[in-house]
Amino acid sequence: MEREVVDKLEGPGGPPPALADPAALRASFRWDDARAELAGLPGGALNMAHEAVGRHARGPLADRVAFRFLPRAGAPRDLTYAALWTEVARFAHLLEALGVGRGERVFSLLGRVPELYTTVLGALARGAVFSPLFAAFGPEPVQTRLELGDGRALVTTPALYAQKVAPVRDRLPGLRHVLLVGAPEEVARHPGTLDLRRLLAEQPADYAPAPTAPEDMALLHFTSGTTGKPKGAVHVHEAIVAHRVTGRWALDLQPGDVYWCTADPGWVTGISYGVLSPLCNGVTSVVDEADFAPERWYRTLQEQRVAVWYTAPTAVRMMMRAGEEAARPWDLSALRLVASVGEPLNPEAVRWGLRALGRPIHDNWWQTETGGIMVANVRAEPIRPGSMGRPLPGVEAAVVRAPEGGPGPVEVLGPGEEGELALRPGWPSMFRGYLNDEARTRRCFVDGWYLTGDLARRDADGYLWFVGRKDDVIKTSGHLVSPFEVESALLSHPAVAEAGVIGKPDPVAGHLVKAFVSLRPGHAGDAALTKALLAHARKLLGAAVAPKELAFLPELPRTRSGKIMRRLLRARELGLPEGDTSTLEGGADAPPAAPPEGGGAPP
Ligand code: AMP
């Protein structure tokens with residue numbers, strides 16, 4: 001199976017791959033080569049918004065369409081590179097007028113509307129830091145991230161504000177400006193907010209981008225850990241060096257292409273490859289404001305003549321469910337490359353792509369912390385279905401055995417051995433640390449390697465195969481969910497004594513969030529309470545994060561130090577071997593319990 005290869009199918013007259021000779025470039029490439037291709041600003045300054053749009057706005061690409069927005073209903077709306085820059089400039093001026101300073105955080109909580117893209121780029125042009133919030137988050141994740149990120153300004157809509165921000169606004173004293181995108185009369189209903197469209201119209205239409213240094217913070221992407229609060233991964237302006245070339249190499253973005261990234265800009269893929277990489281590479285991006293529906297997606301591929309499509313395994317599986325026949329009526333001849341990221345891509349999905357779309361699906365791998373694609377099945381090399389591909393030029397990856405929590409040494413494993421996927425630090429889009437959390441940052445960098453938290457194997461030809469995650473974090477429909485965040489929300493319900501949350505395999509979503517709870521005395525675990533708890537979690541967390549299933553247990557398995565053993569919950573749910581239970585509270589082979597503090601005899 002591992003060696004099964006899907007070779008390329010070349011479309012009629014398709015251009016040669018942008019990464020024509022991966023082996024040669026892997027051997028010769030230095031990141032300085034890619035740095036030298038940027039426009040830059042006087043004095044060695046570098047600004048992502050300038051690289052992505054500003055420099056094109058008066059050049060040969062000025063009149064090319066940067067974004068084509070497809071509203072839920074009605075005609076598409078095009079924004080050229082020049083017109084986009086005008087909007088970006090206005091937003092940057094507005095931030096300045098409001099007193100939002102360099103390095104201060106600007107958040108968005110929006111669907112895929114034009115103002116979202118102006119917010120990202122306008123904040124960067126201003127030299128502020130942009131941080132996205134997923135529109136399907138509930139008030140709890142919104143508040144936590146705004147608080148941890150010290151959000152100074154937020155752009156959202158009247159409806160999202162009313163549901164998710166207004167209820168927690170008094171807990172966010174640092175949030176000085178809330179800018180609403182909507183009809184003036186709707187905006188006017190929310191005291192303490194500003195009308196974004198009205199204010200933008202008053203701003204000048206050009207802007208000198210802030211002369212940010214390559215190492216200045218540009219983006220703050222929240223990601224989930226197993227324990228504790230979400231982690232804010234800090235990315236700097238220099239990341240654009242990697243966004244640009246990795247888009248060319250892994251996605252084969254070529255000037256003039258029509259490109260569609262289905263990832264929502266509430267997450268890192270939607271920013272790195274839905275905004276920055278395509279703009280740097282001078283392509284036209286299609287943005288669908290509506291949600292997934294197979295027929296609409298096929299129509300979009302056909303009508304927009306999409307050449308490069310970057311999507312996710314959950315979406316592919318949903319299309320597979322609609323059946324191969326659903327693809328037949330559509331003319332997909334413009335498609336040159338289909339790529340996917342975020343979860344394991346089943347080998348069957350790669351082959352389905354070949355049959356239904358006329359193109360195999362190219363899996364690639366990266367994560368919030370890497371800021372850009374690190375490993376990919378590139379167009380010029382054969383795909384191995386089920387593999388994530390090989391490291392891109394400039395990326396040194398290895399499968400390693402690392403000591404638990406220790407300083408090293410890290411042992412690099414050979415082909416076929418299973419271990420943790422590690423990367424050699426130094427690529428430009430590498431996160432520079434978790435915001436205000438040096439200890440957590442330090443734990444990721446051991447003995448000259450960045451440890452990714454993913455388990456993998458490498459075959460003899462250097463292809464990497466995903467095995468699983470090292471931690472308990474859940475990937476559901478491509479979104480990373482912290483079991484801790486879900487457990488905390490459940491614990492805020494008066495009936496809940498304990499909560500443990502796991503990912504349960506699901507044929508479409510990859511995993512779904514399943515909660516186990518034990519109840520306080522006086523509460524009965526019946527259907528009504530199940531419904532009430534699911535609703536409670538959904539109200540706090542939002543649909544993207546809340547559990548889909550819930551079961552009651554008299555008590556949850558805990559380690560002797562008191563931690564809920566999610567591993568055991570998962571094993572029991574799936575009927576897997578329970579593994580080592582020696583640390584289980586009351587476990588048969590457990591050593592005697594330590595005495596409570598201050599009492600009992602010393603061990
Ligand atoms: P995020 O930081 O939310 O982008 O999630 C990153 C995580 O998603 C990785 O650490 C992996 O666990 C998972 N992931 C991303 N791409 C792939 C892939 N191609 N195959 C398997 N898992 C993936």
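Read-outs throughout are calculated quantities, based only on the coordinates presented, and are distinct from any laboratory measurement. A quick note: this is a predicted structure, and the numbers were derived from the prediction, not measured. Positions of Cβ are backbone-derived with ideal geometry, glycine not excepted, and every protein chain shown enters the neighbour counts.
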Q: Give me the distance in nm between label points sitting 7 Å out from Cα along the Cα-to-Cβ direction at Glu4 and Ala497, one decimal.
A: 4.9 nm
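Suppose R0 equals 45 Å; then what is the FRET efficiency for Glu215 and Asp526 from their Cβ-Cβ distance, rounded to the nearest 0.05?
On the way: r = 56 Å, r/R0 = 1.25.
With R0 = 45 Å, the Cβ-Cβ based efficiency is 0.20.
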Q.
Neighbour counts of other C-beta atoms within 10 Å: give me Leu423, Leu98, Leu345, Leu512 arranged from fewest to most.
A. Leu98, Leu512, Leu423, Leu345
(Q) Contact order normalised by length for the chain, with contacts defined as Cα pairs under 8 Å and 6 or more residues apart; what percent is it? (A) 13 percent
Q. To the nearest 0.05, how large is the calculated FRET efficiency for Arg189 and Glu396 if R₀ is 41 Å and r is the Cβ-Cβ distance?
A. 0.15
Q | Chain lengthening between Arg305 and Val412 when straightened (0.36 nm per residue, less Cα-Cα) | A | 34.1 nm
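Within the chain, what percent of beta bridges assigned by DSSP are antiparallel, to the nearest 5?
Details: 50 of 88 bridges.
Taking every DSSP beta bridge within the chain, about 55 percent pair in antiparallel fashion.
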Q | Filtered GluC sites (Glu not before Pro), segment 356-430: DSSP coil and at most 12 other beta carbons within 10 Å | A | Glu404
Q. Using only helices, what value at 222 nm comes out for the chain when you add -39,500 (n - 2.57) per DSSP H run of length 4 or more and divide by the total residues, to the nearest 500 deg cm²/dmol?
A. -7000 deg cm²/dmol
Q. What spacing in nm lies between the two simple spin-label points modelled at Arg171 and Ala20, each 7 Å away from Cα in the Cβ direction?
A. 5.7 nm
Q: Return Arg112, Arg58 ranked ascending by Cβ neighbour count within 10 Å, so the fewest neighbours appear first.
A: Arg58, Arg112
Q: Find how much the distance from Ala36 to Arg58 grows on full extension, using 0.36 nm per residue of separation minus their present alpha carbon separation; answer in nm with one decimal.
A: 5.9 nm
Q) Can you give the extra length, in nm with one decimal, that the chain gains between Leu574 and Arg77 once fully stretched, where that is 0.36 nm per residue apart less the Cα-Cα distance? A) 174.1 nm
Q.
Below 25 Å, Cα to Cα, which lysines can Lys164 reach? Residues fewer than 8 away in the same chain don't count.
A. Lys229, Lys231, Lys475, Lys514, Lys531, Lys539, Lys548
(Q) Modelling each spin label as a point 7 Å along the Cα-to-Cβ direction, I'd like the Ala205/Asp459 distance in nm, to one decimal. (A) 5.5 nm
